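The values are calculated or read from the model by the stated rules, or taken from the named source; none is laboratory data. Here the structure is a predicted model, which means the values were calculated and not measured. For neighbour counting, all protein chains shown are included, and Cβ atoms are generated from backbone atoms with ideal geometry for every residue, glycine included.
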Amino acid sequence: MNNHLIAAIVWVAIVIGGYFVFDHFSAPAPVVRAIENGRAEIVVPVARDGHYYIDGEINGHSLTFLVDTGASYIAVGSDFARRAQLPAGTTGFFNTANGSVEGRIVRNLQVRADLFEIHGVTVAVMPGRIEYGLLGQNFLQYFDVNQSDGKLVLRMRRS
């Protein structure tokens with residue numbers, strides 16, 4: 001009888017623990033879209049890991065972007081570039097937190113982050129597998145970016 005009670009407690013602990021692990025790694029809250037003063041904006045809540053994530057596309061191929069205000073370019077891994085059939089581009093060298101790496105520079109792509117789409121954008125293709133695309137300054141420069149109270153607001157700049 002004691003063995004059954006212990007087994008039941010262990011199973012309940014595993015189920016509860018699994019729930020909390022799944023909840024911890026689940027997707028962040030949805031993006032809020034609005035029009036303010038005639039300009040479209042999106043409000044992105046901070047994820048549990050402290051970053052901001054936006055669903056998007058490069059040349060029609062879906063990916064999730066991590067907003068990286070410190071990145072000069074939009075960056076993706078070579079695995080994504082291969083799946084998305086991005087053009088070969090030209091060789092480029094990029095300074096990362098882990099030092100300089102050789103990658104490719106692919107120009108004139110169509111990039112969408114949620115409801116915002118920019119044409120003619122350059123994308124850095126980094127070696128290997130990168131879990132998320134990085135949404136860098138060459139995309140963010142078209143927006144007013146405001147971070148406060150656990151939210152990131154992207155508002156299209158007036159032309």
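A few comments on the model shown:
- Tyr132 being touching a residue at least 60 places away in the same chain (Cβ under 8 Å), touching a strand residue (DSSP E or B) at 6+ places or on another chain (Cβ under 7 Å), surrounded by 12 or more Cβ atoms within 10 Å (Cβ to Cβ) and of a type in the set (Ser, Thr, Tyr): yes
- Residues being among the acidic types (Asp, Glu) and at pLDDT 95 or above - total across region 33-66: 2
- Residue within region 21-32 that is modelled with pLDDT of 75 or more and in a strand (DSSP E or B) present: yes
- Residue tally, condition farther than 17 Å from Glu57 by Cβ and either of a type outside the set (Lys, Arg) or outside any strand (DSSP E or B) (or both), over region 98-123: 7
- Screening Val125 against (1) buried (at least 18 other Cβ atoms within 10 Å of the Cβ); (2) in contact with a Pro (Cβ under 9 Å, 6 or more places away or on another chain) leaves a single unmet condition, (2).
- Residue in region 50-81 that is nearest to Phe93 (Cα to Cα), counting only those that are in contact with a helix residue (DSSP H, G or I) (Cβ under 7 Å, 6 or more places away or on another chain) and β-branched (Val, Ile, Thr): Ile74
- Of the residues making up region 101-129, those that are more than 22 Å from Ala40 (Cα to Cα) and either among the polar types (S, T, N, Q) or touching a residue at least 60 places away in the same chain (Cβ under 8 Å) (or both) are Asn108, Thr122, Val123.
- Of all the listed residues (Arg83, Arg33, Arg104, Arg48), the sole one being surrounded by 10 or more Cβ atoms within 10 Å (Cβ to Cβ), touching a Pro at 6+ places or on another chain (Cβ under 8 Å) and not hydrophobic (A, V, I, L, M, F, W, C) is Arg48.
- The C-beta contact set for region 81-100 (first residue at positive phi, second residue among the basic types (Lys, Arg) and surrounded by 10 or more Cβ atoms within 10 Å (Cβ to Cβ), distance under 8 angstrom, 6+ apart or interchain) comprises Gly89/Arg104; Gly89/Arg107.
- In the condition set (1) closer than 30 Å to Ile35 by Cα; (2) under 13 Å from the mean Cα position of the chain (by Cα); (3) at pLDDT 95 or above, Thr69 is compliant with all but (3).
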